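Inspection log for the structure reproduced underneath, given as structure tokens.
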Amino acid sequence: MTLAEATRQGASGAEAAAALSQGLSVNVRMGELETVEHTRDRGLIITVYFEQRTGSASTSDYSPTSVKDTVQAACRIAEYTEADSCNGLADPDRLATDFPNLDLFHPWNPSVDDACDMALECEQTAMDHDRRIENSEGASVSSHEGHEVYATTSGFWGESRQTRHGLSCSVIGRDDSGMQRDYWFSSSRQAAQLDKPDIVGLEAARRTVRRLDARKIDTCQVPVLFEAPVASSLISHFVGAISGGALYRKASFLLDQVGQQIFPDFVQIYEQPLLKCAMGSAAYDSEGVTTSANNVITDGVLQRYLLGSYSARRLGLETTGNAGGIHNLTAASGDQDLTDLISGLEKGLLVTELIGFGVNMVTGDYSRGAAGFWIENGQIQYPVDEVTIAGNLKEIFSGLCAIGKDVDTRHNIRCGSILIDGLTVAGN
């Protein structure tokens, strides 16, 4: 109905995306129920094309009258936009025709009481772990599911259902040196694959207690080991630099770098969009273009950019099926875990938390606050905070020494701990 109405109103092309989501989130703090949030949202976005002009409008009302009015609003907006030869639907030859079952939909629907009990157990386990754990920022249990439909006048129709469940806990510890906080969480498409509440609570407490009695260190240049949960941020900066929007705006430090050595030759980075039950899996991107396993970095060399149809046209290239983002981008791991990487350092810094957003994507300059642990003779010596890590992302990428096998699969970027040789750590 929506696309037919757009055609009736004179559009040369149109796309529509409808979504329905619902969920439950239960939060507890200090042994008491704090909040219960039920969500149920829906929305329809229609984009119309009048040759090279485009307009978009949205509504949460699915009634025929509202849909018609929304299409009309999009058409009116298109009248006032400038023509852009790069506008338009994705190439029909690139649209997905095969829709494998990626095992993304596993409804849970816990009762409020059950979710509350899980969160309370999680928090209490953390509070009982050590007498120095004296306060809590709370524990939460969440369950969400979504249903999305995307269609175009070029004949594409795609439908997806997916779920995401989570359990998290954050606590505060205190000793004579002051207070520290840390957290842990578990996330999965399937509730049965979540870590048990006591496991999440125990890890949150362990991570908090180990940060107590943190010290400052003198400014130095040493190897820096990024723990897996924060190491993915380095790959995220890489993703931003090779994404179409930054490239056609010439706002990337990796402009014109396809075919160039970015990482050492042992580094392999690739997409796995068809992994079953994974967080970033999808059979097609947000334009309906089919996704497939492909290499982004091979032997350290950049193979391609990450493009949707619009950015590809702006760059004179073809879409890579990345409209809307990446799909299970994976950095191939070595045979060492975090303990092995630590034991191999004579001196260095293990980073477990990054603070701030001091990254210049145009120049690659990198400066972020950090906390973690000082390493000497292959062993953790003491916790460290209030330091700043500085460098340039090009040099950071080329100075990558190892990727651990302790892969964090809770996100769309999947990688283990990352060791960088020789970064400036600013302290006292």
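Brief remarks on what is shown
- Ser309 being more than 27 Å from Gln257 (Cβ to Cβ), out of contact with any Phe, Trp or Tyr (no Cβ under 9 Å at 6 or more places or on another chain) and either of a type in the set (Phe, Trp, Tyr) or surrounded by 20 or more Cβ atoms within 10 Å (Cβ to Cβ) (or both): no
- Sole residue being within 24 Å of Glu145 (Cα to Cα) and more than 32 Å from the chain's Cα centre (by Cα), chosen from Ser63, Ser58, Ser12: Ser63
- Taking the stretch 386-406 as the range and being modelled with pLDDT of 95 or more and either of a type in the set (Ser, Thr, Tyr) or surrounded by fewer than 19 Cβ atoms within 10 Å (Cβ to Cβ) (or both) as the test, the residues that pass are Thr388, Ala390, Asn392, Lys394, Glu395, Ser398, Gly399, Cys401, Lys405.
- Residue check for Ala78: modelled with pLDDT of 95 or more, over 12 Å from Ala11 (Cα atoms) and surrounded by 14 or more Cβ atoms within 10 Å (Cβ to Cβ): no
- Neighbours by Cβ (under 9 Å, 6+ apart or cross-chain): first from the stretch 238-260, of a type in the set (Asp, Glu); second outside any loop (DSSP other than H, G, I, E, B): Asp256/Leu247
- Qualifying position, being at positive phi, in a loop (DSSP other than H, G, I, E, B) and touching a Leu at 6+ places or on another chain (Cβ under 8 Å), among Gly155, Gly88: Gly155
- No other residue among Thr363, Thr319 is at negative phi, crowded, with 16+ Cβ neighbours inside 10 Å and among the hydroxyl-bearing types (Ser, Thr, Tyr) apart from Thr319.
- Leu33 being in contact with a helix residue (DSSP H, G or I) (Cβ under 7 Å, 6 or more places away or on another chain) and either assigned by TED's automatic domain parsing to the domain that holds Lys68 or part of a strand (DSSP E or B) (or both): yes
The values are calculated or read from the model by the stated rules, or taken from the named source; none is laboratory data. Note that the structure is predicted; figures quoted are calculated from it, not measured. Because the Cβ atoms are built from the backbone with ideal geometry, glycine has one as well, and the counts that use them run over all protein chains shown.
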